[in-house]
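To start, the structure under review is shown below, and the notes come after it.
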């Protein structure tokens, strides 16, 4: 298989089929997609016919829940297929239209089903318990119904919930405007690369430029991008403020003390987990400050700037890693998980679950996705390097989590919570890193891998926790009646960077605008899950390496549990308790050990 060069991005039809995912496993043709689209529309009136009589009898409830499940499976597949077809080449107008239609149908479906939750909750809990006892068919829905009852204090009347459901598309306004402004309308300056060649700065190129070995390139990319954002500071603040106010509005309408608690309630995650994460990371900020010190010295700088944080302290060995070599390496690294896991991994590689290479118009980055009833899929834009090999391991963790969940759970429990989602992906990265570290005999390669691990912890635990703290503070400001002006947002974000990165880093003023370019802030209180997920994954990986089969069995049971219980409970059964700070502290303890290793390898000793 030939990987195209960066200067010659092929068209979709120029790539061989073996490097493309096979969406025909989901729908053999767009015409079959149209049939399911039409069927959803036909079924919605039948679902609405249960309105007003949902809890009249246990049979009515059973039939309505079954119909809701049928519609849910159909609309999931309709939406996912349309979005993934578009992701193959976003320039195809027909697939853009499919996404628009599927999005509208998704909103219509949510509105049609909006009566169910408040109507169930209008009944006394004893009534629901009695129906569960009298109708064996409802046994499947016990956890679902108990979870609904948990929402009782936060659910409005059926009419109000239907009205709120109709606002969901409108509530996406801030996120949509952000995406359009950031990805379509914002234009950045042209820069000179390391060779003096002029290149247009884009968000897609930004991180690559920050990794440059040429400090001028890093500085110019950093300043040019953030100062371009700064030209629209008032607009970004207005968009961000509207998004936070939207979160606060929905939390208050549903009678939550705060937007943060409303967000955590969905996964039944205690507030102490969120605040405990921030507290544990604060206690270990001196380790990050030591890392900044060793980074400064390895780069030979008198003082670090914010644009020096991404360039490798140790240059990557100049070795290409073709995709097939990456596949074999990932498979070898995951051997500790045993044949049950490995058999499914091999099937995914052989059966075209993965869209491997970049092509014109293809969505950038990487993800895993799918719909119940067919295998999951993975989108990559693979380049022949170690970074993308780790991305392959990461996304296959997501894909196999989905595969085992859907194999072992019915549709209503197959979808696992985001709180658990980042565990399986970063777990695979941990095993891959350990595998590579255990086999390298080259000191430079070992230090490169140590650098990779340190950066993973910095960006996934420290940085995402800093983002989580920023979200908490901005929502608290709005809840206290304060206005999120550009000046206030800049001050909060800059102060956090000063605290997190410490005295070795010259923070400067440009970084204050970075909050404006973070898309995750438009999915409220999401980013903390990266930090908790990484910490849980690191703990579970160590258990498997220490204990062997008993820990593997627990982990596979976790992967197969889907959403059949709350994520905190599922992770506890797997062997890690996220209501304590121990997993985070253990992750940062290992981080400290690797900082120490890097310090010893640095020529100038760290001053006491």
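Using only alpha carbon pairs under 8 Å that are at least six residues apart, calculate the relative contact order of the chain and give it in whole percent. Could you put the intermediate results ahead of the total?
Working: 783 pairs, mean separation 110.9, N = 608.
About 18 percent, as a whole number.
Given axes a ≥ b ≥ c from the Cα gyration tensor, I'd like to know whether segment 436-590 is rounded (a/c under 1.5), prolate (a/b larger than b/c) or oblate.
Numbers: a/c = 2.98, a/b = 1.43, b/c = 2.08.
Verdict is oblate for segment 436-590.
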Next on the checklist: Within segment 225-260, list the residues whose amide N lies under 20 Å from a label point set 7 Å along Cα→Cβ of residue 202.
Outcome noted: 225-229
Checklist outcome for this item: A chain fully extended from residue 149 to residue 547 at 0.36 nm per residue, minus the present Cα-Cα distance, gains in nm 139.4 nm
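Given R₀ = 51 Å, FRET efficiency for residue 184-residue 319 by Cβ-Cβ distance, to 0.05?
On the way: r = 37 Å, r/R0 = 0.73.
E(calc), rounded to 0.05, equals 0.85.
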Next on the checklist: How large is the convex hull of the C-alpha atoms of segment 316-449 per residue, in Å³?
Outcome noted: 117
Item to check | Relative packing of 217-223, 231-237, 564-570, 397-403, which averages over residues the other C-beta atoms within 10 Å, highest first | outcome: 397-403, 217-223, 564-570, 231-237
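Normalised by the number of residues in segment 12-166, what is the relative contact order in percent for Cα pairs under 8 Å and 6+ residues apart?
On the way: 121 pairs, mean separation 40.1, N = 155.
Relative contact order for segment 12-166 comes out at 26 percent.
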Checklist entry - What angle do you read, to the nearest 10 degrees and between 0 and 90, between the alpha-carbon axis of helix 338-350 and the longest principal axis of the chain? => result 90
Checklist outcome for this item: Ranked on Cβ counts within 10 Å of their own Cβ, fewest leading, 246, 32 go 32, 246
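Output the relative contact order of segment 6-84, whole-number percent, from Cα pairs under 8 angstrom with separation of 6+ residues. Intermediate results must be reported in sequence, preceding the final value.
Values: 27 pairs, mean separation 28.8, N = 79.
With pairs under 8 Å counted, the relative contact order is 36 percent.
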Checklist entry - Distance from the Cα centre of segment 369-421 to that of segment 535-604, in angstrom? => result 19
Next on the checklist: Considering just Cα atoms, how many Å³ per residue does the convex hull of segment 162-236 enclose?
Outcome noted: 92
Checklist entry - Hey, with R₀ at 60 Å, roughly what FRET efficiency would residue 509 and residue 437 work out to, going by the Cβ-Cβ distance, to 0.05? => result 0.95
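Mind ranking 453-459, 101-107, 338-344 by how tightly packed they are, going by the mean number of other C-beta atoms within 10 angstrom, highest first?
Values: 453-459: 19.1, 101-107: 16.6, 338-344: 14.7.
The densest-packed peptide leads the list: 453-459, 101-107, 338-344.
Which value results when the Cα radius of gyration for segment 195-272 is divided by 2.2 N^0.38 Å?
Values: Rg = 19.8 Å, N = 78, 2.2 N^0.38 = 11.5 Å.
Output field value: 1.72.
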Next on the checklist: Let me make sure I get this right: for segment 368-415, a, b and c are the square roots of the gyration tensor eigenvalues over alpha carbons, sorted descending. Under 1.5 in a/c it's rounded, otherwise prolate if a/b > b/c, else oblate. Which is it?
Outcome noted: prolate
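For segment 211-330, take the convex hull of the Cα atoms, compute a quarter of its surface area, and give me that in nm², please. All intermediate terms of the calculation are to be shown ahead of the outcome.
On the way: hull surface 51.4 nm².
Mean projected area for segment 211-330: 12.8 nm², to one decimal.
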Item to check | Projected label distance in nm at residue 97 and residue 350, using a 7 Å step from Cα toward the beta-carbon | outcome: 4.1
Checklist entry - Could you give the distance between the Cα centres of segment 126-167 and segment 434-467, to the whole Å? => result 46
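Calculated from DSSP H runs of 4 or more alone, at -39500 (n - 2.57) each and per residue, what is the 222 nm mean residue ellipticity of the chain, nearest 500?
Details: 27 runs with 376 residues, N = 608.
-20000 deg cm²/dmol, from helical runs alone.
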Next on the checklist: Angle check, please: helix 58-88 long axis (alpha carbons) against the longest principal axis of the chain (alpha carbons), in degrees 0 to 90, nearest 10.
Outcome noted: 40
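Over the Cα atoms of segment 12-166, compute the convex hull volume and normalise it per residue, giving Å³.
On the way: hull volume 20.9 nm³, N = 155.
Hull volume normalised by residue count: 135 Å³.
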Next on the checklist: Nearest 5 percent is fine: what portion of the DSSP beta bridges confined to the chain is antiparallel?
Outcome noted: 60
Checklist entry - Want the number for residue 104 to residue 56: 0.36 nm per residue separation, take away the alpha-carbon distance, what's left? => result 14.1 nm
Checklist entry - Roughly speaking, what is the stretch gain from residue 129 to residue 168, that is 0.36 nm per residue apart minus the C-alpha to C-alpha distance, in nm to one decimal? => result 10.9 nm
Checklist entry - Radius of gyration and Dmax for segment 542-605's Cα atoms, expressed in Å? => result 16.3, 53
Next on the checklist: Which of the three applies to segment 291-364, rounded, prolate or oblate, going by the alpha-carbon gyration tensor with a ≥ b ≥ c and a/c under 1.5 meaning rounded?
Outcome noted: prolate
Checklist entry - Relative to the first principal axis of the alpha-carbon coordinates of the chain, what is the inclination of helix 285-298, with its axis defined by its Cα atoms, in degrees from 0 to 90 and to the nearest 10? => result 40
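Read-outs: derived from the displayed coordinates by stated rules, not from any lab. What you are looking at is a predicted structure, and each value in this text was computed from that prediction instead of being measured. Ideal geometry is used to build each Cβ from the backbone, glycine not excepted, and the neighbour counts take in all protein chains shown.
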